[in-house]
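Colleague: Okay, here's the structure, questions in a sec.
The values are calculated or read from the model by the stated rules, or taken from the named source; none is laboratory data. Just so you know, these numbers come straight off a predicted model, no measurement behind them. Here Cβ is always computed from backbone atoms with ideal geometry, including for glycine, and neighbour counts include all displayed protein chains. Accessible surface is based on the protein model in full, side chains and every heavy atom, while ligands, DNA and RNA are left aside. Shrake-Rupley method; radii C 1.70, N 1.55, O 1.52, S 1.80 Å.
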Amino acid sequence: MRANFIFSEVWIGLRRNLTMTIAVVITVAVSMALLGVGLMINSQVGLMSNYWNDKVEISVFLCKKGSAMPACNGKAITPAQIKALEDHIKKTPGVKGVLYENSADAYKNFKESFSNNQALVDVTRVEDLPESFRISLQDPDNYKPVLDAMKGQPGVADVTDQRQLIAPFFSLLNTLAFAALSVAIVLVLAAALLIGNTVRLSAFNRRRETGIMRLVGASNLYIQLPFVMEGVIAGLLGGVFAAVILILAKVFLFDEVVRFFGTGLGWNDLAQTITLTMVIGVVICILASFVTLRRYLRV
Amino acid sequence: MIHFDNVTKVYANQNRPALDHVSVDVDKGEFVFLVGPSGSGKSTFLRLVLKEERPNSGAIHVAGKDLARLTNFKVPHLRRRIGCVFQDFRLLPNKNVYENVAFALEVIGKPRRFIRKVVPEVVELVGLEGKAHRMPDELSGGEQQRVAMARAFVNRPMILLADEPTGNIDPATSIGIMKVLDRINRTGTTVVMATHDAAIVDSMRKRVVELEDGKIVRDQSRGVYGQAY
């Protein structure tokens with residue numbers, strides 16, 4: 001009886017305010033989707049930096065005969081210099097380990113990395129690829145001192161850090177996450193105001209009913225629940241649309257990222273994000289409804 | 001049943017009190033007319049009984065409850081024991097007679113079986129048998145007021161408050177309304193009716209409480225409306 005009554009009232013309320021309800025659903029959907037995407041980018045960045053931290057290394061390329069690098073003066077590194085350099089690397093604080101990669105190994109890696117670009121592989125000879133030391137770090141975030149210590153050593157053509165290569169990508173992702181979250185917050189505010197307005201309209205539309213309910217002694221809960229439920233249902237609908245958007249975002253965006261960067265979000269992370277955004281959406285709807293009801297529905 | 005002890009009510013932004021040190025007792029099962037010109041405090045009296053307003057001073061007891069000590073949470077329970085009828089009927093235009101009466105029970109969570117049993121009885125009591133499925137706009141003013149009375153009485157309240165129930169109804173039809181109120185009164189329900197209608201007061205010969213400028217100027221059992229009108 002009670003549930004029946006409340007739901008029929010809710011249905012009437014939603015139908016009477018159809019345009020407002022649609023506006024609420026859309027706003028909640030977009031804001032929750034942005035919030036979810038922001039959160040997903042955030043955890044994607046976290047995952048990727050963990051993944052890359054394990055792999056990040058500093059490459060110290062050695063001089064070859066005829067090298068174009070100015071540091072080499074066109075002379076190849078001598079075996080004595082190689083030995084001295086290796087000792088120097090091992091003594092540098094922050095170095096976890098070091099590997100020597102000769103031209104043949106480098107060529108093998110090169111061939112693997114560019115297996116989809118046969119033309120490039122074809123024109124590259126083994127001798128074109130420099131020998132190098134691959135240094136892994138104790139603390140990947142603190143690569144700078146090691147990098148500086150390698151620069152200018154005799155026989156060193158160039159020092160590169162993979163971190164420098166992927167850093168712009170990380171900062172792009174962080175910016176995107178920040179942008180998505182800020183827009184989401186603004187939209188959440190808009191959604192709250194819209195819900196407030198919807199409830200206000202609804203309260204006005206049904207002032208006759210609520211007046212009689214008050215008169216015959218309906219409890220506050222009974223009077224307010226239909227309005228709050230309207231907000232909740234609109235919020236839930238918005239949440240469902242947001243979930244669809246998030247699933248699409250995972251399949252078409254994040255799974256692509258996985259293909260390039262080796263790691264990405266699983267369905268578990270997605271489910272968590274969806275749950276979180278739904279809960280936030282519904283809680284916001286309930287709060288907005290209650291706050292408005294206190295102002296516009298004297299009980 | 002209703003006990004006012006030295007009650008004063010001053011509305012905000014007004015200097016003159018709507019009720020000025022009013023003390024009155026209404027016993028269980030009584031029928032009381034509240035008479036007096038517009039602005040004399042009749043409606044304020046009824047609103048205070050419902051705890052829609054709070055007095056500035058004085059104590060009000062309704063159905064054994066001290067309204068000052070009644071929490072907001074308990075106010076709906078007080079109102080379930082009080083039925084209300086108004087000059088403008090206040091029916092729901094999109095519900096038929098049966099649904100309008102049933103609404104009062106639905107919103108206080110009564111089971112459907114109970115509603116199906118009680119509503120037709122009350123509809124018959126107010127003399128609307130056979131019209132349960134009419135919409136309010138298909139009924140005359142008198143019939144609409146009967147629906148309102150059925151709704152007010154369906155939960156068997158201890159008190160029925162009527163604020164000028166015959167104000168929008170022609171004299172001939174008013175007699176029928178008064179008969180229904182009398183019938184309700186005979187079931188043991190206390191009835192307090194605010195009215196301007198001298199003919200009705202004179203014909204009923206019930207207790208009359210007259211208010212003027214917020215003060216009780218007359219309280220007479222088996223009274224008439226008064227010479228001044």
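Colleague: Any idea which residue in segment A:146-177 is farthest from A:Leu35 (Cα to Cα), counting only those that are in contact (Cβ under 8 Å) with a residue 40 or more places away in the chain and open to solvent by 70 Å² or more (accessible area, probe 1.4 Å)?
Modeller: The extreme case among them is A:Pro154.
Colleague: Considering only segment A:260-269, I want to know if a residue exists there that is within 14 Å of another protein chain (Cβ to nearest Cβ) and either touching a strand residue (DSSP E or B) at 6+ places or on another chain (Cβ under 6 Å) or not in a helix (DSSP H, G or I) (or both).
Modeller: Within segment A:260-269, the subset within 14 Å of another protein chain (Cβ to nearest Cβ) is none.
Checked segment A:260-269: no residue is within 14 Å of another protein chain (Cβ to nearest Cβ) and either touching a strand residue (DSSP E or B) at 6+ places or on another chain (Cβ under 6 Å) or not in a helix (DSSP H, G or I) (or both).
Colleague: Separate question: Taking B:Gly127 and the conditions (1) assigned to a loop (DSSP other than H, G, I, E, B); (2) within 13 Å of another protein chain (Cβ to nearest Cβ), which numbered condition does it fall short on, given that it satisfies the others?
Modeller: (2)
Colleague: Which count do you get for residues in segment B:162-173 that are farther than 15 Å from B:Val35 by Cβ and either open to solvent by less than 40 Å² (accessible area, probe 1.4 Å) or of a type in the set (S, T, N, Q) (or both)?
Modeller: The qualifying residues number 3.
Colleague: Please give the strands (runs of 3 or more DSSP E) falling wholly within segment B:141-229 in which 1 or more residues are of a type in the set (Gly, Ala, Ser) and either under 25 Å from B:Leu48 (Cβ atoms) or in contact with a Cys (Cβ under 8 Å, 6 or more places away or on another chain) (or both).
Modeller: Details: elements: B:159-163, B:190-195, B:207-212, B:215-220.
Answer list for segment B:141-229: B:159-163, B:190-195.
Colleague: Still on this model: Just the residues that are closer than 21 Å to A:Val279 by Cβ and within 11 Å of chain B (Cβ to nearest Cβ), please, taken from segment A:206-239.
Modeller: A:Leu225
Colleague: Let me ask another. Could you list, in sequence order, the residues of segment B:2-29 that are surrounded by fewer than 18 Cβ atoms within 10 Å (Cβ to Cβ) and assigned to a loop (DSSP other than H, G, I, E, B)?
Modeller: Selection gives B:Val10, B:Tyr11, B:Ala12, B:Asn13, B:Gln14, B:Asn15, B:Arg16, B:Asp27, B:Lys28, B:Gly29.
Colleague: Of all the residues that make up segment A:268-283, how many are closer than 22 Å to A:Gly196 by Cα and open to solvent by less than 40 Å² (accessible area, probe 1.4 Å)?
Modeller: Count: 3.
Colleague: What is the number of the single condition among (1) in a helix (DSSP H, G or I); (2) within 30 Å of A:Arg125 (Cα to Cα) that A:Met20 does not meet?
Modeller: With respect to (1) in a helix (DSSP H, G or I); (2) within 30 Å of A:Arg125 (Cα to Cα), A:Met20 is out only on (2).
Colleague: May I pose another question? Taking the condition among the hydrophobic types (A, V, I, L, M, F, W, C), open to solvent by less than 40 Å² (accessible area, probe 1.4 Å) and either within 14 Å of chain B (Cβ to nearest Cβ) or farther than 18 Å from A:Val24 by Cα (or both), does A:Ala192 pass?
Modeller: Judged against the criteria, A:Ala192 is not a match.
Residue-wise test of (1) in contact with a Leu (Cβ under 7 Å, 6 or more places away or on another chain); (2) modelled with pLDDT under 85; (3) open to solvent by 50 Å² or more (accessible area, probe 1.4 Å).
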| position | (1), (2), (3) |
| --- | --- |
| A:Tyr51 | no, yes, yes |
| A:Lys55 | no, yes, yes |
| A:Ile58 | yes, yes, no |
| A:Leu62 | no, yes, no |
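Colleague: Can you tell me how many residues in segment B:120-139 are small (Gly, Ala, Ser) and closer than 17 Å to B:Lys95 by Cα?
Modeller: 2
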